[in-house]
Amino acid sequence: MPRKKRIWYKDAAFHVMGRGNRRKAIFKEAEDYHLFLALIKAVKKRYPFEVHAYCLMSNHFHMEISTGETPLWKIMQPVMNHYARTFNQKYGFSGHLFESRYTSCLIEDDRYFLEVSRYIHLNPVKAMMVREPASYEYSSYSNYISDNTDRSDDLLSTRKILGAFHGDQRDQYRMFVEGKISHAEQELLIQKEIGEDEYWLPW
């Protein structure tokens with residue numbers, strides 16, 4: 001049987017999601033979340049790409065990535081494979097940790113790029129895990145709204161998203177994410193494209 005050809009979109013942006021097999025947890029304690037982020041940082045030292053937003057939920061994760069010259073699979077495959085091996089060894093599990101390979105959706109315009117970041121940062125609120133997105137620890141949202149430190153570090157790049165706003169960019173982004181204006185149509189489109197529904201919310 002011929003091998004399925006990978007499609008490589010050069011200099012592209014993607015919404016990426018990975019799910020736990022049978023809706024099971026892929027993160028059990030703080031160390032697990034930190035390991036996953038550390039693996040992304042390690043891959044970034046090998047290949048040039050940018051992470052614009054992320055949210056690690058207990059049984060799945062979301063990321064917004066610009067790949068640059070690097071095919072998306074070269075970023076995700078080592079992260080997920082290494083993480084799955086370490087997780088299984090730590091907890092004495094065997095078999096597949098993730099449901100399948102990651103799901104990815106190409107982001108083709110700047111407005112949709114912003115909507116995806118909003119969707120990612122509101123994921124814990126939609127799951128009723130927190131009331132405010134900044135209260136969720138394993139998300140990049142606080143990196144966007146905090147004035148205390150330079151949050152564009154070796155993991156996250158805030159430049160493109162904040163650059164879409166004028167004046168106080170952090171406050172403008174906070175209003176975009178947390179404001180009362182309905183984004184229901186965009187959220188439904190994102191959910192449909194990424195294949196997420198209420199059945200994938202954490203138990």
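The values are calculated or read from the model by the stated rules, or taken from the named source; none is laboratory data. Values in this document were obtained by computation on a predicted structure and should not be read as measured data. As a convention, Cβ positions derive from the backbone with ideal geometry for all residues, glycine included, and neighbour counts pool all protein chains shown.
Remarks
- Test: residue in the range 59-73 that is closer than 27 Å to residue 129 by Cβ, out of contact with any Gly (no Cβ under 9 Å at 6 or more places or on another chain), surrounded by 20 or more Cβ atoms within 10 Å (Cβ to Cβ) and not aliphatic (A, V, I, L, M): yes
- Residues located in the range 71-128, provided they are basic (Lys, Arg) and either in contact with a strand residue (DSSP E or B) (Cβ under 6 Å, 6 or more places away or on another chain) or more than 20 Å from residue 140 (Cα to Cα) (or both): 74, 85, 90, 101
- Within the range 74-123, the set of residues being of a type in the set (Gly, Ala, Ser) and either surrounded by fewer than 16 Cβ atoms within 10 Å (Cβ to Cβ) or touching a Gly at 6+ places or on another chain (Cβ under 7 Å) (or both) comprises 92, 94, 95, 100.
- Top-ranked residue of the range 77-99 - restricted to ones that are in contact (Cβ under 8 Å) with a residue 40 or more places away in the chain and of a type in the set (Ser, Thr, Tyr), ranked as nearest to residue 60 (Cα to Cα): 83
- Across the range 19-38, the number of residues qualifying as closer than 16 Å to residue 140 by Cβ and either at pLDDT below 95 or not in a loop (DSSP other than H, G, I, E, B) (or both) comes to 5.
- The criterion of at least 2 residues that are modelled with pLDDT of 80 or more is met, among helices (runs of 4 or more DSSP H) falling completely within the range 93-203, by 110-121, 123-126, 141-145, 159-162, 169-178.
- Listed by first and then second residue, the pairs with beta-carbon distance under 6 Å, at least 6 apart or on different chains, first residue in the range 180-203 and farther than 15 Å from residue 22 by Cα, second at pLDDT 65 or above and among the aliphatic types (A, V, I, L, M), are 194/17.
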